[in-house]
1. When the helix-only estimate is applied to the chain (DSSP H runs of n ≥ 4, each -39,500 (n - 2.57), divided by the residue count), what is the mean residue ellipticity at 222 nm, nearest 500 deg cm²/dmol?
2. What Kirkwood Rh does the stretch 88-170 have if only Cα atoms enter the pairwise 1/r average? Answer in Å.
3. Farthest toward the dipole's positive end in the chain, which of GLY118, VAL103, THR55, given Cβ charges of +1 (Lys, Arg) and -1 (Asp, Glu) about the Cα centre?
4. Which residues' amide hydrogens lie under 5 Å from the amide hydrogen of SER108, considering only partners 5 or more residues apart or on another chain, with H built in the peptide plane?
5. Under 10 Å, Cα contacts only: if you run a Gaussian network model on the chain, which one of VAL122, VAL78, VAL103 comes out with the highest mean-square fluctuation?
6. What is the extension gain from ALA160 to ALA25, computed as 0.36 nm multiplied by their sequence separation minus the C-alpha to C-alpha distance, in nm to one decimal?
7. Within the chain, how many Lys pairs sit with Cα atoms under 23 Å apart, leaving out pairs fewer than 8 places apart on the same chain?
8. With springs only between Cα atoms under 10 Å apart, run a GNM on the chain and tell me which of VAL31, VAL156, VAL127 wobbles the most.
Amino acid sequence: MLRPIAENQSAIILALIILNLGLGAVLLMFVRRFTRFQARWRQLLVGVSGSDLETLLEDHLEQRTLLAERVTEIEKFVKVLDDKARHSKRHLGVVRFDAFPDVGGEQSFALAVYDDEGNGAVLSSLVGRTDSRVYCKRMERGKSEIELSEEEKRAVQYAAEKTLSPRAAIR
């Protein structure tokens, strides 16, 4: 049984040498790949500033926490501003007109000023040759207890048409 091995001993040794050289080449290829992989891994673990991955992740988590707190503060601030904007008198409409036939130049005016809920006032100034008069009519929920003139109604209508919602500007 050992006779075939003994007769082909030199061929078997040659085959084993070739196999060892092949395995050595494969081993060398894996060592080079592992060395490149290890170099890339070190680059990942060591940041530009020389800190390791753990420190970078801790810094990132701390910054993220601070940003989340800041976003919460900003959201609260925006809510306050939104509430103030709803109650600010930002609907404005002006109509100029001639109150009397003997006075020209449209020096009389009606000014409507109110908030998003329709609370505010309509101010009218009637200018004549010898005197001028100013009237103020309070508005609640878009209505006035005192009858509005045509010019005052137009001023209220212009104020409603010209107003942009602050949220519409953001979106």
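1. Per the formula, -19000 deg cm²/dmol.
2. 13.3
3. Ranked along the dipole, the leading option is THR55.
4. PHE97, ALA99, VAL127
5. For the chain, modelled as a Gaussian network with Cα springs under 10 Å, the answer is VAL103.
6. 40.2 nm
7. 14
8. VAL31
No lab work stands behind these numbers, since they all come straight from the coordinates. Keep in mind that what you see is a predicted model, and the values were worked out from it rather than measured. Reconstructed Cβ throughout: ideal geometry from the backbone, glycine too, with neighbour counts over all protein chains shown.
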